[in-house]
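The values are calculated or read from the model by the stated rules, or taken from the named source; none is laboratory data. This one's a predicted model, so the numbers in the text were calculated from it and none came from an experiment. We place every Cβ from the backbone using ideal geometry, glycine too, and count neighbours over all the protein chains shown.
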Amino acid sequence: MALLNAMNAGYTNVLGLIKSELELSYSWSGGLMSSYFLGYTLGQVPWGVASDRWGPRRIMAASVLGISLSTALFSVAYTPLQAAATRFIGGLLGAGVFVPSVKLVSAWFNEENRGSALGALSVGGSLGLIVVSWAAPLLAGALGWRRALASIGWVGATLSPVCYLLLEDKPSQPKAGGLPQKTVIRSLSTLAIIHFIRLGTYYTVVAWLPLLLREEAGLNPATISVAVSLLSTAGILANPIGGLLSDRVGETKTLAAGFALLALSVALFALGSQGPLLLLQVFVLGWFINFHRSPSFTIIPKLYGPEEAGSLSGVLNTFASLGALAMPFTLGLIRDTTQSYALGWGLVAALSLAAAIASTRIEVD
């Protein structure tokens with residue numbers, strides 16, 4: 001998870017340099033994240049089915065290798081189209097990490113502890129973001145952004161065999177009884193909408209925060225790295241706490257509260273501030289974009305059982321990827337059109353509030 005997030009978000013921490021050299025508009029800058037998630041979207045179901053058939057261990061290691069090599073390939077892109085194409089390849093190859101990890105957790109942990117386990121797993125993703133938020137700008141300052149991203153990519157490729165050696169599949173488990181089919185379909189439909197908003201919001205923040213802090217708040221690269229680190233540090237705390245809370249009080253209550261508070265934190269962030277208050281807002285934002293990840297995925301094994309967790313999580317993460325494709329691009333388009341980020345952040349807050357309301361319609365018990 002750490003390697004996946006480092007490869008995915010490495011370029012966002014040097015987006016200002018990339019934007020300048022490739023002469024990208026704000027729409028094209030957002031399009032780089034969207035092109036990644038176009039590939040990520042297309043890869044969800046195939047990787048999920050493959051993990052059900054061959055086991056998460058092989059799939060996750062191969063996916064880490066693929067996205068790492070594509071990160072290195074991005075470093076030799078010299079036109080916006082080439083950059084978007086390599087990001088698309090990265091998304092397609094990197095789609096085999098998270099969904100198989102949900103299957104792996106579903107197999108190894110029982111229903112009472114699954115949310116906590118998935119929350120602990122997600123800490124790795126936050127650690128990856130922290131490391132790359134410092135490594136990418138520092139390497140770019142010393143070597144240029146191309147060599148920086150190439151170095152990050154080759155590190156990931158070198159470590160992919162370690163993932164294979166350390167992971168362990170669990171033998172097949174019997175299917176759970178589940179709920180009535182009509183209830184399951186209604187809950188899955190609602191979850192699809194929630195996942196669209198969940199991942200769309202997450203990557204809108206991850207993709208645009210460094211550039212926004214530089215342009216709107218006038219922060220220097222070191223302070224921006226501190227801010228991005230705070231965003232990820234909040235995730236280290238929020239992911240396991242969200243999972244633990246979902247195990248104790250239930251997924252739907254945790255989701256509804258988390259999305260409602262996310263809407264509020266996005267709205268407050270959009271109002272703007274300076275100094276320590278801005279950094280506090282970034283931390284709070286990081287908390288609530290991560291808080292609901294675990295409960296949104298632990299619902300699947302409850303509905304269908306761990307044996308179907310890979311393919312069904314792939315279906316839901318397809319909708320999540322569509323959100324991550326559409327929302328960062330939309331923010332860039334709004335920024336180009338209105339010369340301001342305000343309307344874009346207002347849209348993100350409104351969608352988060354809609355997800356909070358939708359969460360109350362899910363039935364898992």
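Could you look through the range 222-243, keep only residues that are of a type in the set (S, T, N, Q) and within 16 Å of G128 (Cα to Cα), and pick out the one that is surrounded by the most Cβ atoms within 10 Å (Cβ to Cβ)? Step through it out loud before you land on a result.
So the first thing to find is which residues in the range 222-243 are of a type in the set (S, T, N, Q), and the list is 223, 225, 229, 232-233, 239.
Of the ones still in play, those that are also within 16 Å of G128 (Cα to Cα) are 225, 229, 232-233, 239.
Working: S225: 22, S229: 19, S232: 25, T233: 17, N239: 27.
Ranking the qualifying residues of the range 222-243, first place goes to N239.
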Inside the range 21-55, the number of residues satisfying the requirement of being assigned to a loop (DSSP other than H, G, I, E, B) and under 18 Å from the mean Cα position of the chain (by Cα) is 0
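Which residue out of L143, L129, L139, L93 is on the phi < 0 side of the Ramachandran plot and out of contact with any helix residue (DSSP H, G or I) (no Cβ under 6 Å at 6 or more places or on another chain)?
Working: L129 fails: out of contact with any helix residue (DSSP H, G or I) (no Cβ under 6 Å at 6 or more places or on another chain); L139 fails: out of contact with any helix residue (DSSP H, G or I) (no Cβ under 6 Å at 6 or more places or on another chain); L93 fails: out of contact with any helix residue (DSSP H, G or I) (no Cβ under 6 Å at 6 or more places or on another chain).
Being on the phi < 0 side of the Ramachandran plot and out of contact with any helix residue (DSSP H, G or I) (no Cβ under 6 Å at 6 or more places or on another chain) holds for just one of L143, L129, L139, L93, which is L143.
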Of the conditions (1) more than 17 Å from the chain's Cα centre (by Cα); (2) farther than 30 Å from L213 by Cβ; (3) in contact (Cβ under 8 Å) with a residue 60 or more places away in the chain, M60 fails just one. Which one is it?
-> (1)
Of the residues in the range 330-351, those that are within 24 Å of G258 (Cα to Cα), in contact (Cβ under 8 Å) with a residue 60 or more places away in the chain and not small (G, A, S) come to T330, L331, Y341, W345, V348, L351
Of the conditions (1) of a type in the set (G, A, S); (2) under 17 Å from S352 (Cβ atoms); (3) surrounded by fewer than 19 Cβ atoms within 10 Å (Cβ to Cβ); (4) free of Cβ contacts under 8 Å to residues at least 24 places away in the same chain, the single one that A267 does not satisfy is (4)
Is it fair to say S246 is at pLDDT below 90, surrounded by fewer than 20 Cβ atoms within 10 Å (Cβ to Cβ), of a type outside the set (D, E) and in a helix (DSSP H, G or I)?
-> no
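Need a quick list: helices (runs of 4 or more DSSP H) entirely within the range 98-210 having at least 1 residues that are in contact with a Gly (Cβ under 7 Å, 6 or more places away or on another chain), at pLDDT below 85 and surrounded by 17 or more Cβ atoms within 10 Å (Cβ to Cβ). Spell out how you get there, then give the answer.
Working: elements: 98-108, 114-143, 145-166.
Where helices (runs of 4 or more DSSP H) fall fully within the range 98-210 and carry at least 1 residues being in contact with a Gly (Cβ under 7 Å, 6 or more places away or on another chain), at pLDDT below 85 and surrounded by 17 or more Cβ atoms within 10 Å (Cβ to Cβ), they are 98-108, 114-143.
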Out of (1) among the polar types (S, T, N, Q); (2) surrounded by fewer than 24 Cβ atoms within 10 Å (Cβ to Cβ); (3) part of a helix (DSSP H, G or I), what's the single condition that is false for S273?
-> (3)
How many residues does the range 57-86 hold that are closer than 23 Å to A2 by Cα and not in a helix (DSSP H, G or I)?
-> 1
So which residues in the range 102-118 are touching a residue at least 24 places away in the same chain (Cβ under 8 Å) and in contact with a Leu (Cβ under 6 Å, 6 or more places away or on another chain), if there are any at all?
-> S116
Would a scan of the range 309-316 turn up a residue that is in contact (Cβ under 8 Å) with a residue 40 or more places away in the chain, in contact with a Gly (Cβ under 6 Å, 6 or more places away or on another chain) and not in a helix (DSSP H, G or I)?
-> no
